[in-house]
1. For a quick check: sort 18, 94 by the number of other beta carbons within 10 angstrom, fewest at the front.
2. Within segment 13-95, count lysine pairs with alpha carbon atoms under 29 angstrom apart where the residues are 8 or more positions apart or belong to different chains.
3. Relative contact order, percent, of the chain when contacts are C-alpha pairs under 8 Å separated by at least 6 residues?
4. In deg cm²/dmol and to the nearest 500, what is the mean residue ellipticity at 222 nm of the chain if only DSSP H runs of at least 4 residues count, each as -39500 (n - 2.57), divided by the residue total?
5. Please arrange 63, 106, 35 by counting, for each residue, the other beta carbons lying within 10 Å of its beta carbon, fewest first.
6. Show me the GluC sites (Glu not before Pro) within segment 50-146 that DSSP assigns to loop and that have at most 10 other Cβ atoms within 10 Å of their Cβ.
7. Give the separation of the Cα centroids, segment 95-128 to segment 12-87, in Å.
8. For segment 24-31, just list the computed ³J(HN,Hα) in residue order, Karplus coefficients 6.51, -1.76 and 1.60, θ = phi - 60°, integers in Hz, with x standing in for Gly and Pro.
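Computed from the coordinates by the stated procedures, all read-outs in this text should not be read as laboratory data. Everything quoted here is computed from the prediction, not taken from an experiment. In this analysis, Cβ positions are derived from the backbone assuming ideal geometry, glycine residues included, and neighbour counts consider all displayed protein chains.
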Amino acid sequence: MKFTPKKIIDFIEEHHILTLATSKNNIPYCANCFYVYLKEENIFVFTSDNETKHIKDVIENNYVAGSVVLETSIVGKIQGIQFQGKMFLPEGGLKKIANKKYMKKYPFAKLMKTQLWVLEPEFIKLTDNRLGFGKKLIWKKDVTKD
């Protein structure tokens with residue numbers, strides 16, 4: 001599938017905290033991060049201190065997983081995404097765009113000593129019980145060459 005389905009994009013844009021799962025030496029770790037989503041690039045942008053465990057893990061293994069969820073106890077309203085992808089430091093034009101959008105949404109980040117990171121998903125699974133119990137929508141990055 002070449003494009004990210006609107007239902008997935010809408011869900012991602014309605015939220016602002018992702019849980020990032022990293023792994024180093026086969027030991028998993030999770031961290032929660034404020035994010036902004038750049039729809040045109042299909043990337044999550046967030047900041048983190050380079051001394052954190054999750055960033056130290058990413059430097060060794062940049063393939064990560066994560067989730068964004070709606071917290072509810074009503075089974076019929078359960079929604080969330082799980083994803084896998086690669087993290088990297090943005091450069092050039094992407095860095096400028098990502099920084100501008102992130103700082104606009106989270107101006108307090110200007111006061112913090114953090115690094116801007118990008119997470120490019122390669123797989124996203126949306127679960128949305130509003131569409132039927134256990135209803136799933138799966139997107140995978142198209143890796144074929146034209």
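1. Ranking 18, 94 by Cβ neighbours within 10 Å, fewest first, gives 94, 18.
2. Number of lysine pairs found: 14.
3. Averaging sequence separation for qualifying contacts and normalising by length gives 25 percent for the chain.
4. -6500 deg cm²/dmol
5. Exposure proxy ranking, most exposed first: 63, 106, 35.
6. Filter output for segment 50-146: 51, 71, 91.
7. Cα centres, segment 95-128 to segment 12-87: 11 Å.
8. So the Karplus estimates, Gly and Pro as x, are 9, 6, 6, 10, x, 8, 10, 9 Hz.
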